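*Asks:* Structure in structure tokens, see below.
The values are calculated or read from the model by the stated rules, or taken from the named source; none is laboratory data. Since the structure is predicted, the reported quantities are computational estimates derived from the model, not experimental observations. Quick reminder, even Gly has a Cβ in these numbers, built from the backbone with ideal geometry, and neighbours come from all protein chains shown.
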């Protein structure tokens, strides 16, 4: 009798156990060429930020706790590196993900600014650079698995990864020019939304659970 109960519980286990392996929900690659400044300082570093607060230009960076990868600074040695943001490693992650899963086609603003090192060797923004914006649906919408075609409504997102495919600093005449190519990846535990707003259990699943629950009293009686 115990074997029958154990078999029934094992049958139900996949319904309540999430997929522990992270999968890529969407990926977007972008190349930016000719981002520059006329400042005569020969910059060899820059930061890159991703913002989902709905603002364009410098105003986008004025809203706190919305800049993902704010503390990531890049040099020519960053080519080939991948930076990851999670709820424990990036203070803006939770706010960013809340926008990424709200069902609204929010504006994503990407900014890149040149940087220098202070006397302690810490990188700080030096001003100069550039940025541009695009909507979530333009970046990621056509890749959503079972989503709403706009963002990740209904999905769990546990990691956002930024891979630097290439980066180069050059100094034509006075100033600095940066060329960069990057890939942004959104990762979660499953390509199936775990809690879609209109999810309805399949009839076969309901019948399976009911038949098992109804059988439990009979198994106890036969003991």
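*Asks:* From the list 82, 86, which residue is within 16 Å of residue 184 (Cα to Cα), touching a residue at least 24 places away in the same chain (Cβ under 8 Å) and exposed (fewer than 15 other Cβ atoms within 10 Å of the Cβ)? Steps first, please.
*Replies:* Numbers: 86 fails: exposed (fewer than 15 other Cβ atoms within 10 Å of the Cβ).
Of the residues listed, the single one that is within 16 Å of residue 184 (Cα to Cα), touching a residue at least 24 places away in the same chain (Cβ under 8 Å) and exposed (fewer than 15 other Cβ atoms within 10 Å of the Cβ) is 82.
*Asks:* Taking the conditions exactly as written (at pLDDT below 90, exposed (fewer than 15 other Cβ atoms within 10 Å of the Cβ) and over 13 Å from the mean Cα position of the chain (by Cα)), does residue 61 satisfy them or not?
*Replies:* No.
*Asks:* To continue, here is another question. May I ask you to say which residue of 105, 118 is without any contact (Cβ under 8 Å) to a residue 60 or more places away in the chain and within 19 Å of residue 25 (Cα to Cα)?
*Replies:* Working: 118 fails: within 19 Å of residue 25 (Cα to Cα).
Of the residues listed, the single one that is without any contact (Cβ under 8 Å) to a residue 60 or more places away in the chain and within 19 Å of residue 25 (Cα to Cα) is 105.
*Asks:* Could you check the range 174-189 and list, in sequence order, the residues that are under 19 Å from the mean Cα position of the chain (by Cα) and buried (at least 16 other Cβ atoms within 10 Å of the Cβ)? First the steps, then the outcome.
*Replies:* Looking only at the range 174-189, we keep the residues that are under 19 Å from the mean Cα position of the chain (by Cα), and these are 181-189.
Scanning the range 174-189 gives 181, 182, 184, 185, 186, 187, 188, 189.
*Asks:* Picking from 133, 149, 127, which residue would you name as being under 24 Å from the mean Cα position of the chain (by Cα) and on the phi > 0 side of the Ramachandran plot? Steps first, answer last, please.
*Replies:* Working: 133 fails: on the phi > 0 side of the Ramachandran plot; 127 fails: under 24 Å from the mean Cα position of the chain (by Cα).
Unique residue meeting the criteria: 149.
*Asks:* Could I ask something else about it? Counting just the residues of the range 19-39 that are in a loop (DSSP other than H, G, I, E, B) and surrounded by 11 or more Cβ atoms within 10 Å (Cβ to Cβ), which one comes out modelled with the highest pLDDT?
*Replies:* Going through the range 19-39, the residues in a loop (DSSP other than H, G, I, E, B) turn out to be 19-22, 38-39.
Narrowing further to those that are surrounded by 11 or more Cβ atoms within 10 Å (Cβ to Cβ): 19, 22, 39.
Numbers: 19: 43, 22: 75, 39: 82.
Checked the range 19-39; the qualifying residue modelled with the highest pLDDT is 39.
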